[in-house]
Amino acid sequence: VDDYSMVNFIPLDLRKESSIQYVLSYIDSCIQYGEDADVKVRDFDLPEEDD
């Protein structure tokens, strides 16, 4: 099972906030949280065309 990356263990130390943040970001990556979020128009500017 370990050879095919089907199981992965992540250490969690409840006393360290950085450990909790790492586990939460790993979970977000696994479930692809935010992948289908729309792009905000104000954050994306198209280049101006010169005629």
If you scan region 14-36, which residues turn out to be without any contact (Cβ under 8 Å) to a residue 12 or more places away in the chain, surrounded by 11 or more Cβ atoms within 10 Å (Cβ to Cβ) and among the aliphatic types (A, V, I, L, M)? Ile20, Leu24, Ile27
Give me a count of the residues in region 1-48 that are in a loop (DSSP other than H, G, I, E, B), modelled with pLDDT of 70 or more and among the small types (Gly, Ala, Ser). 2
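The values are calculated or read from the model by the stated rules, or taken from the named source; none is laboratory data. Computed from a predicted model, the values in this text were never measured in an experiment. Backbone-built Cβ (ideal geometry, glycine too); neighbour counts: all protein chains shown.
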